[in-house]
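See structure below.
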Amino acid sequence: MISTPAATEGAEAGTATGSGSGDGTVPRHVAIIMDGNGRWAAKRGLPRAAGHRAGAEAVRTTLKAAARAGVEVLTLYAFSSENWRRSEEEVSDLKGLLAYYVDKELDTLHREGVRLQLIGDPSAFGPQLVQRLERAVERTAGNTRLTLVVALNYGSRTEIAAAARALAEDVAAWRRDPDSVDEQAIDEALNTAGLPDLDLLIRTSGEVRLSNFLLWQAAYAELLFVDTLWPDFDEAAFLDALSQFAGRQRRFGGR
Ligand code: FPP
């Protein structure tokens, strides 16, 4: 029986469960690879920056939908460690958009009970943007309705290597027994420590790969690849994703 808000055709999003269903039909942790901004813009004869701006709108819409549905954590891949290969102009556009979004949305995020968290290595974005982001993280640290995790200059292999290095250093310094390096220890050494396990990973725009995003965390996540370009991903699309998740049988390796 599907019991997400999406199950009721035309249901008012505002009537959704609010704080999770507790029965596993609403994912606690959803991550999204937001892909297709460039193609969305190209289809309209617009510059790529216009696609990213429209993508930021889709972030706002999706965040609202996730909070209403009772999702606890929404993790967004905003900038991968490979994105530096894009033109200087595009990188600068993305940085500007991020700064603008944080400034413009911070009051709303805070008022709506959203806690902002960052994963990856935002230091590469320069001290000004880092300071803005850190202030936003601090200001929202006490909020409990939904955690918005923004992955910035993030790469999963780098994250796992850093965790392995930190654990190895602890072993080398006799702070840790090698036998204690188990799955939980690695979980706790990752950027995502303390967050609930990833339940649902969505990628938009028809590409079917993980692109170095949350490789460890996605071990038992349901994967959903949709053709929609990210700027077109709206509340209905998000609710449809939740509905598909609710219809999946999760076995975690059992039968
Ligand atoms: C992928 O589309 C999208 C990105 C690399 C950037 C995502 C960033 C945003 C949506 C901006 C705002 C983010 C936040 C958190 C406010 P693409 O450029 O790879 O599209 P393409 O594959 O069609 O070229």
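Looking only at residues in segment 232-245 that are open to solvent by 20 Å² or more (accessible area, probe 1.4 Å) and outside any loop (DSSP other than H, G, I, E, B), which one is farthest from the ligand (Cβ to nearest atom)? Spell out the reasoning first.
Quick first cut of segment 232-245, residues open to solvent by 20 Å² or more (accessible area, probe 1.4 Å) only: 232, 234-237, 239-240, 243-244.
From the residues that got through so far, the ones that are outside any loop (DSSP other than H, G, I, E, B) too are 232, 235-237, 239-240, 243-244.
Details: ASP232: 12, GLU235: 16, ALA236: 18, ALA237: 14, LEU239: 20, ASP240: 19, SER243: 23, GLN244: 22 Å.
Once the filter is applied, the top-ranked residue is SER243.
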From the residues in segment 56-92 that are hydroxyl-bearing (Ser, Thr, Tyr) and crowded, with 18+ Cβ neighbours inside 10 Å, which one is nearest to GLN117 (Cα to Cα)? THR75
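Out of contact with any helix residue (DSSP H, G or I) (no Cβ under 8 Å at 6 or more places or on another chain), open to solvent by less than 20 Å² (accessible area, probe 1.4 Å) and away from the ligand (no atom under 16 Å from the Cβ): does that describe GLU159?
Numbers: out of contact with any helix residue (DSSP H, G or I) (no Cβ under 8 Å at 6 or more places or on another chain): yes; open to solvent by less than 20 Å² (accessible area, probe 1.4 Å): yes; away from the ligand (no atom under 16 Å from the Cβ): yes.
Yes; evaluated as a whole, the condition is true for this residue.
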How about segment 36-55: which of its residues are near the ligand (Cβ under 7 Å from one of its atoms), open to solvent by less than 20 Å² (accessible area, probe 1.4 Å) and more than 17 Å from the chain's Cα centre (by Cα)? GLY38, GLY51
Output for segment 198-231, where each listed residue is touching a helix residue (DSSP H, G or I) at 6+ places or on another chain (Cβ under 9 Å), within 16 Å of the ligand (Cβ to nearest atom) and outside any loop (DSSP other than H, G, I, E, B): ILE202, TRP230, PRO231
For a quick check of your reading of the model, give me the residue pairs whose first member lies in segment 100-118 and is of a type in the set (S, T, N, Q), whose second is open to solvent by 60 Å² or more (accessible area, probe 1.4 Å), with beta-carbon atoms closer than 6 Å and at least 6 apart or on different chains. none
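The values are calculated or read from the model by the stated rules, or taken from the named source; none is laboratory data. None of the values given here were measured: they were computed from a predicted structure. Don't worry about glycine lacking a Cβ; one is built from the backbone with ideal geometry, like all the others, and counts go over all protein chains shown. Note: accessible area is taken over every heavy atom of the protein model, side chains too, but ligands, DNA and RNA are not part of it. Shrake-Rupley method; radii C 1.70, N 1.55, O 1.52, S 1.80 Å.
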